[in-house]
Every structure is written in structure tokens, then in C-alpha cells.
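This report concerns only the one structure given below.
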Amino acid sequence: MKKERWLLKEIDMWRQTQLIDEKTAGTLRGLYADKKNISFMLVLFSIIGTLLISTGVILIGARNWEYFPMYVRVIIAFTPLAVSQSLAVFTVKKRYHSLAWRESAAILATASVFMAIAVVGQIFHLPGDYGVYVFTCGLLALPMIYILNAASPLTVYYWTILNWAALEQSPANALILFGLFILGALFVYIERNKATARLAYISWITVIAGFVMVLIMGTMLRNSLLLTALCFFVLLLSVEDLPEQMLMPLKFAGITGGLAVTAILTYEDMWSYRSYPVNAGGGVMTGIMLAIALFFAVRIFKRGKLKFLLVMSLILLCALRFLWAALDLSRSPYDFILMCVSNLAMLSIGVGFIAYGVKNAVLLQTNIGMAAVCALIVMRFFDSSMDILWRGIVFLLLGTAFLLVNKRILRKKKQPKQGETI
Amino acid sequence: MKKLLMPALIAVIIIQLLTPICMIANKYHILRTGEEFMFRVSPVDPYDAFRGRFVALNARQNVRGAGRYGVIDVDPDGFAFISRITDERPAFGAYVKSGSRSWFTLPIDRYYMEDRLAPRAELRAWRREPREEAYVTVRVRNGELIISGLFIDGIAIEDILRNE
């Protein structure tokens, strides 16, 4: 479409510069304009026609399903699977270079596995279990991702393992879920050097699936969900040395998620209820995530001070949350102290972003910092659990601090200018 | 690496085809070799519009409790019942896996029949005489339960309908 539009513009230009005469220009315009419309309409009507025919066949089949002999039903159940598998073989043999062929063959094979197992279950009245069904289908779809180098079944795979894990909750299954997730995420890691839109897509879905996974694991291991989520976001934020397509979702989820959880923790109520007692599984999960985040944080120390400080402050907040759960610090005055610390953490993160953004003239960081500080101010302004007098005092102090900092920055900015004139 | 793709794909295709085949084989294996029991049942609401293709059943024994496995025992009349519910898979004797994850329920809720016969069968079972006993025969193996027949007073529901 774009090529043809470009060509039509070019034809106009050729005509204006008298490179071609009007007759030739008209012929060329007609040729390309007509071709464009025909191909678009052809594709559109082909899709609609195919959809209508397929739906009709399915409906007629469904109406007469009970009258089909058993062997016909079994053939119907297995035909899509056999066809999609043949297509996969053809793709590997003849069309492996084509991404479209690989993706289509892989998603078709995945869908037909789901269909074959469901229809066989229906024909033979097999006692069903939804969790086991999706789990089986997911495992059968996984190899297609690697063999056909296709990203589309990855979403389906994540969906199946998360569904299964959400239904089959036990501490042992938390470990299995983690292993299964790694099997999917490994594909993203293998693809890391191909800087394409596909890499960005699979990175995004892996981050989203990873977030759901840690929440399910946190529930299975009876860990504090806010702590689990915060640890996950810190981990995402600390990762470096990856292509931009992969880092983008990590950074985005890490910053927004980390700030969101920190914002939630600024409420005193979040510290004043009794958490699940910390158990070995939850402790190990938190410990591993924080240790990895700390490892990456140390590595990024020399490269980016802001990121290092952000990661470290979130790690400290995680550690405080862990101690709160482990030592049962939900009683007064600990809950109040911890609430104050989390407010200070959010404020310093926001100010840190603003300072970095202003210093390096980066708008994004400045805006993130301003959004964090504004959110904190609004939250505290409407926080009914905090005394109005205290809120007033805190706002006065913060406002004064901001003005003093501003004054100091302005003074600093003026000093070099005076030097230059001298 | 590319040379391995085709053998790997062939292996995956075989596994994908074998999975549903094994599911079918497992059902018939249980029906052939599983231990047979009879459970008293009471058919439920025959006017449910969604239940045309099977007879909806309720096990007569109202057994509920925490645990995933129910140990099967047999009463003096020869009917099976759940004598104990446990979280551990029993090492000996016949047992059945729960139909639910949250608590124990007997997975006896549907008896599949031909589409045209199922609503009639449900109605017939529901309108049976009070003295007539409705029960299902099941085959159990390694906790898996397959219903093999629905009987009213010792006669298979299919035979009753055929003679009516």
C-alpha cells in the first residue's frame, strides 16, 4: 500500500517535471491505483468468504455430530492436528526462511492440539480436568516454539502454565511453575541478539507472564504479595546488558511497578495488619530475587548512579518489608516508623529522578520524578488516617525544603556565569 | 543444528498424536481391568435445558470433606461407599480421586448416552417407583473412575428404554 502511494506521488512529480507525458502518467496511475484496490478487496473478500464457509461447515458438522459414526468423529478430531503437523513438516523442509510460514504453522499446530484433545475427550466422555487439560496442551505446544522458531505459541504456553498453577496450588508446584516459566523465557534469551519487533513483543509478554508467575508463586509459598511484587520489579529494574528491545519492557515494568508498590506501602494500613508468618519457601524466594537484584546493582554502580540508587532504595524497602513480616512489626510504633520510611523512600526516588532529569536535561526522567512526587502529595493530602495537623506540618516542611533546594540550585547556576564574565 | 530440526519435529508430532490416543486407551484400560463397584445414585432435575446429552446424577451418599482421595468400601448389600477421606494417596485398597480440588466430591455426576435417549433416560430414572433402586456401575483403577453403566432395579437404562 505504502509503496503504491509513494509511486503515485512520484508519477505526479515526473509529470510536473515533464519527464513523462500526461497519457503515460494516466496509464501508470490507473495501473497502480486499480491494482491496489483489487488486491485489497480480493484479500478482504477472501478472508470473509473463508470465514463464512468454515463457520458454515462447523455448524453443519455440529448439527449432525450425533449422527456421525464414532470413527468419523475420531477422524474429524485428528484431521486438523494431522494437517497442521504436515504443514509444520513442510515449513521446516521448504519454507523455514519465512517467518510468516513458521508462525502460522506453529500457532495452527498449537490450536489443533487443543482441539484434538478436547474433541477426543468429548467423543469418548473422558473425565476432564481443566487444569490438566491446559497443562498438557501447553507442554505439547512448547517444542513448536523452538523447532519452528515461532513466537506466537509462547503466549499460549505462558497462559497454560499460569492457568494450571493457579488451579493446582502447592509449594512443590511453585518450583515446577518456575522451571516451566524458564523453559519459555529461555526462548526470549536465545533470541536476544535479533533486534526486531518480535523480540520486543516476546519480551513484553514474558515480563507480564513473569509478574503473574511471581504472584502465583507468592500465593503458593504464602509470601507477602506486596513484597513478592516489589522484589520482582526491583529485579527487572536491575537487569542491564541486554538489547534495547528487551530492556524497554523490563525498565517500564520495573519503574512503574516499583513506584506503584512503593506508593501502596506509603499507607500506614499496609504496615499495621498481621502478615502470614515468613516460611522457608517464601524466604528463599525473596532472598534469591533480592540477591540477584543486588548482584546486578553492584555491576551498574559505575555506569548509572541514579539507577543504582533507585535499585538500592527499593532493595532496602524490600528488606524492611521482609523484616516486618518475619519479626511481626505490625504493632505500634513500628508500623508508623515503617510508613514514614516508605514515604521518605518514595520522596527520595521522585526527587532523585527530578534531579537527574534536570541535570542531564532529560524530560522523561524529570516527568517520572514529578509524577512520583505529585502522586505522593495527592495521596497524603487525601490520606484520612493521618492527622490533618500532621499533614499540614509535613507539607509546610516539604514545601520549605523544596524552595530552599531551588534557591541553592539557582545560586549554583549563577556562580559560573559570574566567573565567565570575569 | 538445522539437521536436528526434522527429527525433533517428528518426535513432537508422535508425542502430540500419542497423547489423545493414550487418553482413549487409558479409559478402555480402566473399563477392562479396573475393579468394579456399584454406587447408589439419584438422577437430578430432568428439565435442565443444558443436559440433553447425558443423564445428570447425584451420588446418594452425601460425602464431603477435606482431602483429595476417598477410600472405597462395600456395604453388606454390595453397594460401594466412601469410608474415609484422606489427603495422602492410599497405599492399599480401592480409592477414588476427588472431582474437586477444594474438597472431596465423588466424580459421579454424568452418565453419557446417545443424544436422543439421554433426556428420556433421565425422565425415566427420575419417575421410577420408590422401591426401584438406581445405581451406577463404575470401574476404578489408580484413583481414576469411569462410569460403565446406569441401572434401575438391576436393568440397564438402555434396555428399559428400548423395551418401553
>> Give me B:Glu132, A:Glu103 sorted ascending by neighbouring Cβ count inside 10 Å, so fewest comes first.
In response: B:Glu132, A:Glu103
> Could you give the nm distance between label points at A:Ile190 and A:Leu8, where each point is 7 Å from its Cα heading toward the beta carbon?
Replying inline: 4.4 nm
> Which of A:Gly369, A:Gly49, A:Gly357 moves most in a GNM of chain A, Cα contacts under 10 Å?
Replying inline: A:Gly49
> Ordered by residue, what ³J(HN,Hα) values in Hz, to whole numbers, does the stretch A:205-216 give under the Karplus form 6.51 cos²θ - 1.76 cosθ + 1.60, where θ = phi - 60° and Gly and Pro are x?
Replying inline: 5, 5, 5, 5, 5, x, 5, 5, 4, 5, 5, 5
>> Show me, for the stretch A:351-362, the HN-Hα J-couplings you get by feeding each phi into the Karplus relation (A = 6.51, B = -1.76, C = 1.60, θ = phi - 60°), rounded to Hz, glycine and proline as x.
In response: 5, x, 4, 4, 4, 5, x, 5, 4, 9, 6, 10
>> If I stretch the segment between A:Ser385 and A:Phe402 completely, what's the gain in nm (0.36 nm per residue apart, minus their alpha carbon distance), one decimal?
In response: 3.6 nm
> If you look at just the Cα atoms of the protein assembly as shown, how large are its Rg and its Dmax in Å?
Replying inline: 32.9, 117
> For A:Tyr71, B:Tyr111, B:Tyr69, what's the fewest-to-most ordering of other Cβ within 10 Å of each Cβ?
Replying inline: A:Tyr71, B:Tyr69, B:Tyr111
> If the chain between A:Arg274 and A:Ala319 were fully stretched, how many nm would it gain, using 0.36 nm times the residue separation less the Cα-Cα distance?
Replying inline: 14.5 nm
> Based on the alpha-carbon gyration tensor of the stretch A:316-398 and its eigenvalue square roots a ≥ b ≥ c, which shape applies: rounded if a/c is under 1.5, prolate if not and a/b is larger than b/c, or oblate?
Replying inline: oblate
>> Which log10 I(q)/I(0) values does the stretch A:196-335 give at q = 0.13, 0.15 Å⁻¹ under the Debye formula, counting every alpha carbon as one identical point scatterer?
In response: -0.56, -0.73
> What number comes out for the charge environment of B:Asn26, summing +1 per Lys or Arg and -1 per Asp or Glu over other residues with Cβ under 14 Å away?
Replying inline: +3
> In degrees, nearest 10, range 0 to 90: what is the angle between the Cα axis of helix A:152-167 and the longest Cα principal axis of chain A?
Replying inline: 60 degrees
>> Calculate the FRET efficiency for B:Thr86 and B:His29 from the Cβ-Cβ distance with a Förster distance of 25 Å, rounded to the nearest 0.05.
In response: 0.50
>> To make sure I understand, if each residue's beta carbon is the centre and we count other beta carbons within 10 Å, what order do B:Tyr135, A:Tyr276 fall in, fewest to most?
In response: A:Tyr276, B:Tyr135
>> About the Cα centre, and with charges only on the beta carbon of Lys, Arg (+1) and Asp, Glu (-1), how big is the dipole of chain A? Nearest 20 debye, please.
In response: 1600 debye
> Roughly speaking, what is the centre-to-centre gap between the stretch A:85-127 and the stretch A:294-318 when only Cα atoms are used, to the nearest Å?
Replying inline: 45 Å
> A:Lys23: net charge of surrounding residues, Cβ under 14 Å, Lys/Arg +1, Asp/Glu -1, itself excluded?
Replying inline: 0
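Taken together, the values in this text are just the output of simple stated rules run on the coordinates, not laboratory data. Keep in mind that this is a model prediction, so the values were computed, not measured. When we count neighbours, we look across all protein chains shown, and the Cβ atoms used for this are built from the backbone with ideal geometry, even at glycine.
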